Amino acid sequence: MRWGVILCTCNDTLPIDPKAIGKALGLERPPVLYSRLPRDEIHSFLSLASRERYDRVLIGCCGPRELFTEALAAAGAEGTPLHLLDLRESCYWPHGDREAANAKAARLLRVTFHGADQGERVVEHPLTVGGRVLIAADSPDGLALARRIGEFATPVLLLDERTAAFDPAFRYPLPWKVNWGRIAEIRGRLGEFQVIVERTQPIDRETCIYCRKRTPVCHTAAITEGLRLRLDLCDRCGDCLTACEKVGAIKIPREDRDVIKADQVVVLTHDGVEPGPYRTGHLVLANSSPADLDAAAWKVYGLVGEFRKPEHVRYNPETCAAGASTCRGCGVCITACPYEAIDRERDRVRVDQFTCEGCGACVSACPTSSLTFTEPSDAELYARLQALLAPLPGRNGADRPVVAFHCSEKGREAFQAAGRLRLPYPASVLPIGGPCLRYFSEANILAAFRMGAAGVALVGCESCPHGERELLYQKVEFARRVLDAFGFGAERLHLLTGAAGEEAATVEALRRFAEAVGDPPVRWDGQPFAERDNRAVIAGTIATFIAATGREPGRVPLDPPQPFALAEVDAPGCTLCRSCVNVCPTHAFRLVEATHTLEFKQLACVACGLCEQACPERVITLKRAVFLDRGALEYQPVVQDEMVGCAKCGKPYINRRALEAVEKKVLGMEACAPTAGRWWRCWRCSRGGSLEEEGGATARQGVPGRGVRSLCPTLRPGEVAGDGGHTGDPGLRHPRGR
């Protein structure tokens, strides 16, 4: 595949070194260098594209994408994949060191090279959004917004009954539905919101006909011009109830709950902003200005109509640990989702793609990687990490790279502000974006250190629009404990959050962190690894840490409990029935047929509990823990047994523990007591009758082991199970008969 790499020096203000960048990228020829590409040199680029016929074009320039797309079309290369990267603000403006800035530019360009073919086609679903917009307001700003929105949609006003902002002025009539109340809960999604409203205000403005008869009869002046009954002034004399008896717009006392359906919800408040989650179509404005109201109206307008909703999360039921064989297991994704977009469906989970907001919390939480993100996918994320951290020619050991995972909100804004305002921070800081900080898992964090990162920073919002992020804190704590256990230091992982307008402070904190971090604890040779699933990546990283340090920290306490467990098996009670092997979604249990051994791999266990529930002997107990040693990386034997031969033919056909368990249960049954003296044998030999009938001498000589009993007291003489004989129930056939 022929790549065309074109760079622009922004009127010779950027110290771009095309030879060094070309060498770092492994190009046969250095990138084509321009000075004023978006201006008087665009025609030269057009001729180049027409002449070279590139398969892909990568442009390092601050010019608009539309300009280069049109130029490619004019050159006869319409449809050629175009990748655009602003090197000015991502590398050269915030970094004063020319050599370091060129090295970072090479790394960022290499990310595009490596990740170009990693993306997959994202499935999209049609979505229709109507024009019913609920506006909940505690100030007259709600009326102003309703006037703006009313030009293209249908506002529904909910006035906060606790505020006096609407008391002075009487507004009648209003062209929209309006009533008192306050929001108790918001459910649903864009196009299908259900807003639970609580009301204690006695006057129902939807029922009221504005006759004003009740105002003069109120001797305490508790009814305002805005038609709100002030409960602090009301003495409950009942005069207003009598005056409004025929209309029935007053109810004292009142405690109602109502559900309002809307396509979008806008909340205007002067009492502060409550934490999320905020869904698409759910907009919250605090202390809004006229400009804010205009922007809100424009945002609402942009969400009315026909859309294509991308599918953010893919689900693989084959590896899911939610349940098996009527046993209920893992459900961490359900509790991790802040939007209630995931629920149980029998032994599996179901993702509502329309309700999903794409925060990535479920993907990070899923220990079996049954839930995967689409943009960026696991393959894309690790391709970016590898491209950023792989050594550059001539710079081995020269960098102390810091991976900065950042969200698409305040984290991205911090890096944009650093480039736009030239806020300095080290060129060793390598940003990787995601939808939200909760998208990044402990596997992603540890993988960065495995690939040679000296530190990892998580840069995001002080108040996350997706709500509380306790799961993120747990992931960070787990990664810190692993780093500390190997002697790397928990301080290498840092969480940086900021609010709107605090971008400079966030960048300064990032600068101090990057300058203070030491050399990378692991030197990486640049060879990619094949693991993608969270648990496999964690296991591979721990193996790398052990090899690099020679240390095996052993058991690491986890508080609160994480999805890691040690399965303790009571060996004397285990019959090697394979139930745990059959239900384990991660193959943490396996049965080695050649040696009749049940084995367990600790780092593969996700503590779903299915093995505990499925074990018929109840001999498995899960103990929440993680072990950082070589033993936890490999299968370890927990139960071993020997096979027993048939009393007739001598062929092995059952393990001794299972035989003893069956014998104990069968002989304990009163109905089977008459058969206590008979020997057991394999199912093939059992079809020919009892041992005594064919010569009991063999049995008396002591055959090594006993098989499945061939006869049952419910059989009549001459009838053999498996030959269609009577089993004691006219509706049943012996299993062997099938």
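Since every read-out is calculated from the coordinates, none of them should be taken as a lab result. Quantities reported herein were computed from a predicted structural model and do not represent experimental measurements. So basically every Cβ, Gly included, is an ideal-geometry build from the backbone, and we count neighbours across all protein chains shown.
Below, the figures for the structure above:
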| read-out | value |
| --- | --- |
| For the chain: relative contact order, % (alpha-carbon pairs under 8 angstrom, 6 or more apart) | 9 |
| Highest-first arrangement of 495-505, 333-343, where packing means the average Cβ count within 10 Å | 333-343, 495-505 |
| Rule-of-thumb Rg ratio for region 561-640 [Cα; 2.2 N^0.38 Å; N residues] | 0.99 |
| Under 14 Å, Cβ to Cβ, from Pro30 - net charge with Lys/Arg +1 and Asp/Glu -1 | +1 |
| Distance between region 21-41 and region 189-212 - C-alpha centres, whole angstrom | 63 |
| MRE, 222 nm, helices only [DSSP H, n ≥ 4, -39500 (n - 2.57), over the chain, to nearest 500] | -7500 deg cm²/dmol |
| P(r) tail fraction, region 3-115 - alpha-carbon pairs more than 17 Å apart, % | 50 |
| Antiparallel %, DSSP beta bridges [both residues in the chain], to 5 | 50 |
| Region 3-115, relative contact order in percent, only Cα pairs under 8 angstrom and at least six apart counted | 29 |
| Cα pair distances of the chain binned at 20 Å [whole percent] | 13, 33, 29, 18, 7, 0 |
| Region 393-549: relative contact order in percent, alpha carbon pairs under 8 Å with at least 6 residues between | 32 |
| Cut-off under 5 Å, modelled amide H: who pairs with Leu157 long-range | Ile135, Lys177, Val178, Asn179 |
| Qualifying aspartates and glutamates (Cα of each under 15 Å from Cα of Lys648; at least 8 residues distant if same chain) | Glu692, Glu693, Glu694 |
| Out-of-range pairs (alpha-carbon distance over 31 Å; input Lys410/Lys623; Lys177/Lys299; Lys261/Lys299; Lys177/Lys251; Lys177/Lys246) | Lys410/Lys623 |
